[in-house]
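The values are calculated or read from the model by the stated rules, or taken from the named source; none is laboratory data. This structure is a prediction, so every number in the text was calculated from the model and none was measured. A quick note on method: Cβ atoms are made from the backbone with ideal geometry, for glycine too, and the neighbour counts reach across all protein chains shown. Just so you know, the surface numbers come from the protein's heavy atoms only, side chains and all, with ligands and any DNA or RNA stripped out. Shrake-Rupley method; radii C 1.70, N 1.55, O 1.52, S 1.80 Å.
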Amino acid sequence: MRQIRCEIDTEYRGAEAMADLAWRWLTEGADRLEGESFQAVLDSTGQVEESLKKSVPCGPPGSLWGFLSVHIVSRGRVTNRSRVLTRKNLPMLRKWLVLDVQLAEIAVYRLDDRGMPGQEVLRMGVARDEGSRDWVRLSAETPEGRFGPAAQARLMELLRDFSQEVDPSYAQVGYSLTLGRTEHEERVGPPLPEWTLPESRRLLRGYEWLMVIPREIAQQLGGGDGIAAAGDFHRVETLRDGAVLLQVTPEFDGFTSEAIERTWRLVRPALRPGMPKRFRDSDAWGPPSRIWYADIA
C-alpha cells in the first residue's frame, strides 16, 4: 500500500533544542495523529521484548504493537538502540535523545494472524542525514488507506503548528518516495535531499497539495497576500516568521492536473530548472505523478 509522508525541514540548532523538538514531535505528534492507537500501544500487555532481536511473534494476533528506536553517533560509529513501544519504555527514548542522534523513530503496527508486524499504522521520525547534519527533518508516514479527510485535517494542523515554531526551509505532505525525496527532486534533481537542503531557502525542494513555502521564497512571491491573489487556493496562512502555509485543494485527492499546474505557475520562479523525467517502470506501479511536466525556462 502506498504511504503518505509529511516532512518538515529546518536547521539544526544544537543538541538541547534537538532533544526537546524530537521528543515532542515523536510523542505529541503520534498522539495527535493516532491518539487512540498510540495510547493503546502504550498500554498494551503481552508484547514480546525479544521480538526486536529475534523472528518471533511480537504479541497477540490482531493487536497493536510498536517500537521506538534511535541511531546514535559515538566515536565515529553509529549504534542502534530500540525497545518495544510501551509506557514503561517510553522514558528511555527521552534519555537517548540527548545524545548525538542521527535518526529517531516511533512506529505502530497492527499484528497479523501470526502475531508478526502487518500493516504499518504510523511512523514518526526525526533525522539528521549523514550528508546534511546541519539540518533536521521531521517526518510522519501513514498508509494512504487511512488518510481520509479527518486524518488530513489532523496532519495539516500538526504541520502548521510545528512549522510555526521551527521556521522551516520547506515542508510538504505528499506520497512517500525513495530516500525521502520530493517528486521534483526525483524527476528534475539533484537526486539526494542532502544536496538540496542547503539551498532550500533559495530553491524550493518541490511543491504539493499541502506545503510550507519558506519566508525567504514567500517574500519573493509577494508574501501571503501575493500568494493568495495568485490563484484560487483553499488555504493560505502566513506563519509567525513569515513562511506561508499553502493548501491548494480541500482534500489530498483533489490535487490533480489543473491544481498542479496552478501551483507550479505560482512557485515556478523558485524551482530548480529542468524538464521532469518520466520513468516507465515506476510510473506503471508507483503513486500517481503530482508535478507539472514543463521546464521553468
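Table: residues versus (1) farther than 25 Å from ALA30 by Cα; (2) free of Cβ contacts under 8 Å to residues at least 40 places away in the same chain; (3) of a type in the set (A, V, I, L, M).
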{"position": "GLY148", "(1), (2), (3)": "no, yes, no"}
{"position": "SER169", "(1), (2), (3)": "no, no, no"}
{"position": "GLU183", "(1), (2), (3)": "yes, no, no"}
{"position": "GLU186", "(1), (2), (3)": "yes, yes, no"}
{"position": "HIS234", "(1), (2), (3)": "yes, yes, no"}
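In the set (1) within 14 Å of the chain's Cα centre (by Cα); (2) within 15 Å of ARG87 (Cβ to Cβ), the condition left unmet by TRP25 is number (2).
Here's a check for you: in region 118-128, which residue that is surrounded by 18 or more Cβ atoms within 10 Å (Cβ to Cβ) and either in contact with a Pro (Cβ under 8 Å, 6 or more places away or on another chain) or not aliphatic (A, V, I, L, M) (or both) is nearest to LEU192 (Cα to Cα)? Applying the filter and picking the extreme gives ARG128. For region 191-218, taking the residues that are assigned to a loop (DSSP other than H, G, I, E, B) and modelled with pLDDT under 95, the one that is farthest from THR10 (Cα to Cα) is identified as PRO191.
For region 87-107, name all the residues that are over 21 Å from ARG75 (Cβ atoms) and in contact (Cβ under 8 Å) with a residue 24 or more places away in the chain. Show your work before the answer.
First, pick out the residues of region 87-107 that are over 21 Å from ARG75 (Cβ atoms): 87-94, 105-107.
Within region 87-107, ARG87, LEU90, MET92, LEU93, ARG94, GLU105, ILE106, ALA107 meet the criteria.
For THR10, the conditions (1) at pLDDT 90 or above; (2) among the hydroxyl-bearing types (Ser, Thr, Tyr); (3) open to solvent by 20 Å² or more (accessible area, probe 1.4 Å) all hold with the exception of (3). Listed by first and then second residue, the pairs linking a residue in region 18-31 that is of a type in the set (Gly, Ala, Ser) to a residue that is open to solvent by 40 Å² or more (accessible area, probe 1.4 Å), with Cβ atoms under 7 Å apart and 6 or more places separating them unless they lie on different chains, are ALA19/VAL98. When residues in region 232-247 are screened for being within 13 Å of LEU266 (Cα to Cα) and either part of a loop (DSSP other than H, G, I, E, B) or aromatic (Phe, Trp, Tyr) (or both), 2 of them pass. Would you confirm whether any residue within region 13-25 is open to solvent by 60 Å² or more (accessible area, probe 1.4 Å), charged (D, E, K, R) and either in contact with a Ser or Thr (Cβ under 9 Å, 6 or more places away or on another chain) or assigned to a loop (DSSP other than H, G, I, E, B) (or both)? Taking every residue of region 13-25 in turn, at least one turns out to be open to solvent by 60 Å² or more (accessible area, probe 1.4 Å), charged (D, E, K, R) and either in contact with a Ser or Thr (Cβ under 9 Å, 6 or more places away or on another chain) or assigned to a loop (DSSP other than H, G, I, E, B) (or both). Every test in (1) touching a Phe, Trp or Tyr at 6+ places or on another chain (Cβ under 9 Å); (2) modelled with pLDDT under 95 is passed by ALA30 save one, and that test is (2). One residue stands out among those in region 60-114 that are of a type in the set (Lys, Arg) and in contact with a strand residue (DSSP E or B) (Cβ under 8 Å, 6 or more places away or on another chain): the one that is surrounded by the most Cβ atoms within 10 Å (Cβ to Cβ), which is ARG83.
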